[in-house]
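Below is one structure, written out as structure tokens, with a few remarks after it.
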Amino acid sequence: MADEGKKAKKTIIPDRVHMAEQAAEERVSNFKEVPLGYTEDQAAEEAKRCLQCKKAACSTGCPVEINIPEFIKLVAEKNFQEAAKKIKSTNSLPAVCGRVCPQEIQCESKCIVGKKGDPVSIGGLERFVADWERDHGTVEAPPRPQARNKKVAVVGSGPAGLTVASDLAKLGYGVTLFEALHKTGGVLVYGIPEFRLPKAIVQAEVDFVESLGVEIKTNALIGKLYTIPELMESGYDAVFIGIGAGGPMFMNIPGEELNGVYSANEFLTRSNLMKAYLFPEYDTPIKKNKKVAVVGAGNVAMDSVRTAIRLGADEVYLVYRRSEKEMPARNEEIERAKEENAILKLLTNPVRLIGNDKGWVTGMECIKMELGEPDDSGRRRPVPIKGSEFIIEVDDVIMALGTNANPLLTQATPGLELNKWGYVVADEETCATSIKGVYAGGDIVTGSATVILAMGAGRKAAKAIDSYLSTSA
Amino acid sequence: MYKVLDKKKLASTVTLLKLDTPEIAKKVKPGQFVIIRLNEEGERLPLTVNDFDREKGTITIVFQEVGKTTKLLGKLEVNEQIADVVGPLGKHTEIEKFGKVICIGGGVGTAVIYPVTRALYQAGNEVVGIVGARNKDLLTFVDEMEAVTNQLIVTTDDGSQGRKGLVTEPLKEILDSGEKIDHIIAIGPAIMMKFVCKTTEPYKVKTIVSLNPIMLDATGMCGVCRVRVGGETKFGCVDGPEFDGHQVDFDSLINRLKQYVAEEKISMATIEG
């Protein structure tokens, strides 16, 4: 490390290669991706900024332990095909991760180059490599290992499930991936908008997982069509639960039943999964309202704001009870929302929704807040300012307050230990639950988190399931 | 893909389809529903299951053509395919021996209350059926209901078959007769269920209704089917579709059902040309 540190001081590292993107005024009227990706030359140039640290701190910041310096070295040599293989040996979803991982708090936060100036754009390079391979049609499944005589059921085809399924398939297990919806990908298809994660890219990565030998069953709502005990009886030796934290939260304020009030889950599922932004070409409708208020300040709130803008709203308010500093969304997303003219109503909390005589929402009464003492989360607690109520005129309200555990599957699984919020209790290292042979990971264990943390849990669970099945008779 | 195995026109705008869904057929119980998506561009449409055959691996659905999806569904022929059928969804009807039971079906709701009625009849209840529709043409499952009830009353709004009037009228007469009624189930348009509940409430007879709110994923994820029941927010898809009708806020439900009326017209126009 000391050596590398010295080298870093001597070498003049050029600035990060800028990735072109759609200008704000252009992108607000389409659903195409915002960043446009690197060219081959740009990627190689950016890759050359990497110091090739022997003890790569960046890789320790990656929940799926990608060998970052090695793949970047291959990019610098323009050996993109090998770079793709290198990443895919530990990560089946690089085109997804390159786009939606919060690299700034993971791999890139540990990058030595980042101590002065911008860290190497590890996310940008990962994305480039995955896109290059897909665009060149050279994606190929690794050779199938010898089949093992054990079967695993993976419930939920989001990031956690896809990771468990591909890791176990690579080890030769027979894997069936059960998905309740008609499309595979979980939050990657119903939650994250096209302009942040094109659905064709998700499909290509799902296709790759399928090419590993994973059997995919859509339209299979586990808990109803089959229960977990039934899966075990029908011949599955282990089960992984990766069903996400699907339930929507509302504020429980008056007026939430009015027409024009949606959960972010509903709003985004309409637009993303059902492609309602293309209505009437697609049958599912979505309201294209003019004055939209989104309540909340996480990534889902930013996605909702930016979707509403693209659907043609004139004014989109982001209503948040704390200040900008406490907003949980990625900075990049907040900046993009601001560039797209989102109107931030900070230190503001809705107290009731007002409707007209036809039952449609027309206004949101809010109260101003100020920050008091820190609360349990360490953030300063917002306190209402008496008498500061005011009304925002709106015709659309989207509640992006986070999600809670969907009880449909867990309630149908006797003996599965849950915590007081209804999330599954699972071992942090092995993802083992209170039922032998049943593992769980991702949002249904942690509550709403990130794609990559769910994938990290999937990786751990796959290792634990492998060791369980290798030792059990 | 799920194949259409049989098709019957029950009325000019009411169709029955038998679908090849062996996994669902094994599990489904009276009162549960499925989600249907016709094709890649299709919407997710909830339809309560009319009947099922566990051995043959089929379920049947009955629907009235009211919008684009049901219109296209009505055009499907035997051996054609539906992209997606998901289920069984929702909670099933509680079937037990209550004593004397009234089962009320309105419009295509009769097709849905039929398996419930049959199950209650087979469980040893004394069953009175009341089925109603706007006119004779829209009455369905009358013979089937006749076979699984001790008494069946038919009503039409225009008097073209059975008694002229609404289902609530014979219902009230039975309740007024002083005979002890132990349990009531009503399935039909929201407005019918609302007035059935208004009718039975003073008599304090438990009245179960099967709600039909707008749904999207139907797995408890989106909350569009939320409905106020006993002052609490419930999800029609996972907490229902059946609820204690005396606790349901029908006015809010009826209002929420109107959310996409304008869009439904635009959608219809795309196939009417």
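The values are calculated or read from the model by the stated rules, or taken from the named source; none is laboratory data. Values in this document were obtained by computation on a predicted structure and should not be read as measured data. Cβ sites come from the backbone with ideal geometry, for glycine too, and all protein chains shown count toward neighbours. Only protein heavy atoms, including side chains, enter the accessible area calculation; ligands, DNA and RNA are left aside. Shrake-Rupley method; radii C 1.70, N 1.55, O 1.52, S 1.80 Å.
Evaluated against (1) polar (S, T, N, Q); (2) closer than 20 Å to B:GLY109 by Cβ; (3) open to solvent by 20 Å² or more (accessible area, probe 1.4 Å), B:THR200 falls short on exactly one condition, (3). Candidates in the stretch A:367-415 are the residues that are under 25 Å from the mean Cα position of the chain (by Cα) and among the polar types (S, T, N, Q); of these, the one that is farthest from A:LYS345 (Cα to Cα) is A:THR410.
Going through (1) closer than 29 Å to A:LEU371 by Cβ; (2) open to solvent by 10 Å² or more (accessible area, probe 1.4 Å); (3) within 9 Å of another protein chain (Cβ to nearest Cβ) one by one, A:PRO285 falls short only on (1). Looking across the stretch A:238-254 at every residue that is in a loop (DSSP other than H, G, I, E, B) and buried (at least 20 other Cβ atoms within 10 Å of the Cβ), the one that is nearest to the other protein chains (Cβ to nearest Cβ) is identified as A:GLY246.
Looking only at residues in the stretch A:255-278 that are within 9 Å of chain B (Cβ to nearest Cβ) and either open to solvent by 30 Å² or more (accessible area, probe 1.4 Å) or at positive phi (or both), the one that is nearest to the chain's Cα centre (by Cα) is A:LYS275.
Among the conditions (1) under 30 Å from B:LEU72 (Cα atoms); (2) in contact with a Lys or Arg (Cβ under 7 Å, 6 or more places away or on another chain); (3) assigned to a helix (DSSP H, G or I), the only one that A:LEU273 does not satisfy is (3). Residues considered: B:THR207, B:THR200. Of these, the only one that is touching an Asp or Glu at 6+ places or on another chain (Cβ under 9 Å) and not small (Gly, Ala, Ser) is B:THR207. Looking only at residues in the stretch A:288-323 that are under 30 Å from A:GLY372 (Cβ atoms) and in a loop (DSSP other than H, G, I, E, B), the one that is nearest to the other protein chains (Cβ to nearest Cβ) is A:GLY296. For B:GLU173, the criteria (1) under 19 Å from the mean Cα position of the chain (by Cα); (2) surrounded by fewer than 23 Cβ atoms within 10 Å (Cβ to Cβ) hold in every case but one, which is (1).
If only residues of the stretch A:145-176 that are of a type in the set (A, V, I, L, M) and surrounded by fewer than 24 Cβ atoms within 10 Å (Cβ to Cβ) are counted, the one that is nearest to the other protein chains (Cβ to nearest Cβ) is A:ALA147.
Among the residues that make up the stretch A:132-144, is at least one of them small (Gly, Ala, Ser) and either touching an Asp or Glu at 6+ places or on another chain (Cβ under 7 Å) or surrounded by fewer than 23 Cβ atoms within 10 Å (Cβ to Cβ) (or both)? Looking for residues that are small (Gly, Ala, Ser) and either touching an Asp or Glu at 6+ places or on another chain (Cβ under 7 Å) or surrounded by fewer than 23 Cβ atoms within 10 Å (Cβ to Cβ) (or both), one finds at least one in the stretch A:132-144, hence yes. Scanning the stretch B:215-271 for residues that are more than 8 Å from chain A (Cβ to nearest Cβ), closer than 14 Å to B:GLY90 by Cα and of a type outside the set (D, E, K, R) turns up B:MET215, B:ALA218, B:CYS225, B:PHE235, B:GLY236, B:CYS237, B:GLY240, B:PRO241, B:PHE243.
Applying the condition of being part of a loop (DSSP other than H, G, I, E, B) and surrounded by fewer than 16 Cβ atoms within 10 Å (Cβ to Cβ) to the stretch A:98-117 and asking which residue is nearest to the chain's Cα centre (by Cα) yields A:GLY117. From the list A:LEU231, A:LEU225, the one residue that fits, being within 14 Å of another protein chain (Cβ to nearest Cβ), in contact with a strand residue (DSSP E or B) (Cβ under 8 Å, 6 or more places away or on another chain) and free of Cβ contacts under 8 Å to residues at least 24 places away in the same chain, is A:LEU225. Looking at this structure, is A:SER29 exposed (fewer than 13 other Cβ atoms within 10 Å of the Cβ) and under 25 Å from the mean Cα position of the chain (by Cα)? Considered against the rule, which asks whether it is exposed (fewer than 13 other Cβ atoms within 10 Å of the Cβ) and under 25 Å from the mean Cα position of the chain (by Cα), A:SER29 comes out as yes. For B:GLU43, are the conditions met, namely being among the acidic types (Asp, Glu), within 14 Å of another protein chain (Cβ to nearest Cβ) and open to solvent by less than 60 Å² (accessible area, probe 1.4 Å)? For B:GLU43, the condition - among the acidic types (Asp, Glu), within 14 Å of another protein chain (Cβ to nearest Cβ) and open to solvent by less than 60 Å² (accessible area, probe 1.4 Å) - is met.
Among the residues here, B:VAL49 does not qualify as among the aliphatic types (A, V, I, L, M), in contact (Cβ under 8 Å) with a residue 40 or more places away in the chain and either farther than 29 Å from A:PRO407 by Cβ or open to solvent by 10 Å² or more (accessible area, probe 1.4 Å) (or both). If you take the residues in the stretch A:63-80 that are within 27 Å of the chain's Cα centre (by Cα) and open to solvent by 20 Å² or more (accessible area, probe 1.4 Å), which one is farthest from A:GLY456 (Cα to Cα)? Ranking the candidates gives A:GLU70 first.
Of A:GLY359, A:GLY378, all but one fail to be over 28 Å from A:GLN22 (Cα atoms) and touching a residue at least 40 places away in the same chain (Cβ under 8 Å); the exception is A:GLY359.
For A:ILE192, the conditions (1) of a type in the set (A, V, I, L, M); (2) open to solvent by less than 30 Å² (accessible area, probe 1.4 Å); (3) under 19 Å from B:GLY87 (Cβ atoms) all hold with the exception of (3). With respect to the conditions (1) in contact with a Cys (Cβ under 8 Å, 6 or more places away or on another chain); (2) open to solvent by 20 Å² or more (accessible area, probe 1.4 Å); (3) over 23 Å from A:GLY246 (Cα atoms), B:ILE271 lacks only one, and its number is (1).
For the stretch A:177-186, the criterion of being surrounded by 21 or more Cβ atoms within 10 Å (Cβ to Cβ), within 20 Å of A:LYS275 (Cβ to Cβ), touching a strand residue (DSSP E or B) at 6+ places or on another chain (Cβ under 8 Å) and more than 14 Å from chain B (Cβ to nearest Cβ) is met by no residue.
When the residues of the stretch B:55-74 are filtered to those that are within 14 Å of chain A (Cβ to nearest Cβ) and among the charged types (D, E, K, R), the one that is surrounded by the most Cβ atoms within 10 Å (Cβ to Cβ) is B:LYS68.
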